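Trainee: A single structure is presented below for examination.
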Amino acid sequence: MNQDTHGPRLALSCARPVPRMLALLLLILCACGEASEVPKLSADDMFVVLVAADDGGRPAPLQGAVVGIAQDGKVVAAEADAEGRAVFEVDPDGGALTVSAYYPDHIAATFVGYDRPRLREGLEQDGVFLLALQPTRSEYIRVNGEVKRSESDIVLTVTANTAGPPSSEISDRFSVSARAGAPFILTAYEQIPEIPPAADTGMSTPVISWRTLEHAGSAKDVDVSGDPWTEHELVDHELSVVRPTTPPSFADDSALIRVDAAGGTVDAPDVMLPAAGLSLVAPWRAQDTYEVTLTGRADLMASDALVVIATLYDSKRRFSSVRTRQGLPTRIAASFLAPQEPSTARPSFAQPLTWAKDEGDGVWTFLIARDGFVNRWLVSVLPGTSSLDLPTLLATLPSSGLGTKALEAYLYLCDSDPVTSRCNRAAGGQIFEIEATP
C-alpha cells in the first residue's frame, strides 16, 4: 500500500475540509438554481447534506446517494434527491453529528465529531453541508517516451502530475501513468548516483538537468517521444534538518530521512510540480543535524507556493513528515507527529476502534480503508477525537456493504493549517486489518 507523504489524495479531498468543500459547494449551488422543497424546520433544526461526485472535474450532484446521520445514538438514513440533497431534523442542543454518504462505485465518506453550533460557520454554506465522493477507480493511461540523457550511467526520473509513482531508471526510456482525458505535465530530471552511499550521511543524488513537457491529455495510451521538452534553469539551496525533533516511536535503526520539494508556477500556483530532485536519503539516527542541498527548477524554488517536505520512514512502512511553505527555509526544526496504530491488536467492524490521543487542537485523524488496491472508505475525524464507534458508523451506511468483509486500513494524521487547511505536519501509521462483522 503506497502511503503518499503528501497525503492520501482521497483523504485530502475531505481533509482539505473548509476551502475545498466550500469551493465545490458554491459551484453546485450555482448550477442547481433554486433549492428543492424542504420540510418547514428552523435553521437550527434542519440539517441539509449535499452529496456530489468529485473526480477532479466539475462536481456533479449524486441523485440516489444514501446519506446517513447519527446523533446521540439515533441513526437516520435517506436517499439524496435529484439535486443531491438529503434533509434531516437534528437536535440543536444534542451531541456532535456523524455524517456519511455512499454511492455505487464511489469511496464511501464519513465525517465524525461535527459539533454543528461551533463549526457550522466554517463547514456549511447557506445551511448546506457538502460530502464530496471520489470514484473508487479512476481511468488511467500509460504515457511512454524517451529522453536523451547526458551520460549512459545517469539516472533519469520522470513523473506525471496527475497520477502514479515516478519512473526512475538508468535508461532513456520511461513509462508513467496519467489520468485519462485530462491534461498532464511531465517532469524529467537527471541525477548522478552516489556509489557507495556514506554510512552516516546516507545517499545524495545531485541533479544535473530539469525538463518539463505539457500535454493536452489523451483517452488512451500515448507515446510522447517526439514531443518537445522545455529546459529549466537549476539553482542550489542549502538547508539544515534537525533530528532531535523526531518522534521516539521511530527507534528502528532502518529508519530513513528524506527531503523533497514541490511548488506551483506563477501562472498556476495550485498545480503542484516537483521542484527539486531527491536530495537526501539518510539514516535518521546517524546525526543530530543533516545538511541538505536542494537542487531544482529555479522558478519553482523561488515560488511563494513552494513546499519543502522532510519525511521519516521506517521498516514498518510508517512515515512522519514536516512541511514548510511560503518560500525556501534555511532550517527545519519543527516537531514530527508520532504515527498512530489501533489500541486493539485485532480490530473488528463489530467493535469501537481506538488509538492514542492526538497531539494538538489542529490534528485531524483519517481512517483510510481499502480492499486490495481499491479504496473503499474514508473516515474524517475532527481534532480531539481518538475513537470511532464502528458499528454506529456502519449503520449510517446501510447499503454500502462495508463491514461484511475484512479491509486493510491505516490511520493518517494531519496537523491542519487554520488558514489554508493544508497539512503542515502529517503521519501515517502501520497498515492493519479490520476484521469483518461476525
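Trainee: Which GluC sites (Glu not before Pro) does the stretch 398-438 hold that lie in a coil by DSSP with at most 11 other beta carbons within 10 Å?
Mentor: none
Trainee: Per residue, how much accessible area does the stretch 90-172 have with a 1.4 Å probe, in Å²?
Mentor: 45
Trainee: Nearest 0.05, what FRET efficiency do K357 and V271 give at R0 = 30 Å with Cβ-Cβ as r?
Mentor: Numbers: r = 37 Å, r/R0 = 1.22.
So, using R0 = 30 Å, E works out to roughly 0.25.
Trainee: Determine the relative contact order of the stretch 131-181: mean sequence separation of Cα pairs under 8 Å and six or more apart, normalised by residue count, in whole percent.
Mentor: 41
Trainee: Rounded to the nearest 10 Å², what accessible area does L411 show when all protein chains are kept and the probe is 1.4 Å?
Mentor: 0
Trainee: Could you tell me which of rounded, prolate or oblate describes the stretch 213-326, using a ≥ b ≥ c as the square roots of the eigenvalues of the alpha-carbon gyration tensor, with rounded for a/c under 1.5 and, failing that, prolate when a/b is larger than b/c and oblate otherwise?
Mentor: prolate
Trainee: For the stretch 339-379, which trypsin sites (Lys or Arg not before Pro) are both in a DSSP coil and crowded by at most 15 other Cβ atoms within 10 Å?
Mentor: K357
Trainee: Measure off, as a whole percent, the carbon and sulfur share of the 1.4 Å-probe accessible area of the stretch 249-364, all protein chains present.
Mentor: Working: 2450 of 4920 Å².
So the carbon and sulfur contribution to the accessible surface is 50 percent.
Trainee: Tell me, what is the FRET efficiency for T344 and D227 to the nearest 0.05, using R0 = 56 angstrom and their Cβ-Cβ distance as r?
Mentor: The computed FRET efficiency comes out at 0.60.
Trainee: Residue by residue through the stretch 99-110, which ³J(HN,Hα) values in whole Hz follow from phi under the Karplus form 6.51 cos²θ - 1.76 cosθ + 1.60 (θ = phi - 60°), with glycine and proline marked x?
Mentor: Going residue by residue, I get 10, 9, 8, 9, 9, x, 6, 10, 6, 4, 10, 9 Hz, with x marking Gly and Pro.
Trainee: Now, a different point. Based on the mean of other Cβ atoms within 10 Å per residue, sort peptides 99-107, 77-85 so the most packed one is first.
Mentor: On the way: 99-107: 22.8, 77-85: 17.9.
Packing proxy ranking, top to bottom: 99-107, 77-85.
Trainee: Given points 7 Å out from each Cα along the Cα-Cβ axis, report the E121 to A82 separation in nanometres with one decimal.
Mentor: 3.7
Trainee: Given a Förster distance of 30 angstrom, what is the FRET efficiency for R325 paired with E214, based on the Cβ-Cβ distance and rounded to 0.05? Working shown, then result.
Mentor: Numbers: r = 25 Å, r/R0 = 0.83.
With R0 = 30 Å, the Cβ-Cβ based efficiency is 0.75.
Trainee: As an exercise, find the ratio Rg/Rh for the stretch 292-409 from alpha-carbon atoms, using the Kirkwood inverse-distance average for Rh. Don't skip to the end; give the middle numbers.
Mentor: On the way: Rg = 18.5 Å, Rh = 17.3 Å.
Rounded to two decimals, Rg over Rh is 1.07.
Trainee: Return the distance in nm (one decimal) between the two label points of a simple spin-label model at D91 and M46, each offset 7 Å from Cα along Cα→Cβ.
Mentor: 2.2
Trainee: Next up: In Å², and per residue, what accessible area does the stretch 286-386 have when probed at 1.4 Å with the other protein chains present?
Mentor: Here the residues of the stretch 286-386 average 40 Å² of exposed surface.
Trainee: Further question on the same structure: Taking amide hydrogens as modeled 1.01 Å from N in the peptide plane, which residues meet the under 5 Å criterion relative to D54, leaving out close sequence neighbours?
Mentor: HN-HN under 5 Å from D54: L133, Q134.
The values are calculated or read from the model by the stated rules, or taken from the named source; none is laboratory data. The structure presented is a predicted model; accordingly, all values stated were derived computationally and were not measured. Heads up, the Cβs are rebuilt from the backbone with ideal geometry, glycines too, and the neighbour counts pull from every protein chain shown. Just the protein is used for accessible areas: all its heavy atoms, side chains included, with ligands, DNA and RNA removed. Shrake-Rupley method; radii C 1.70, N 1.55, O 1.52, S 1.80 Å.
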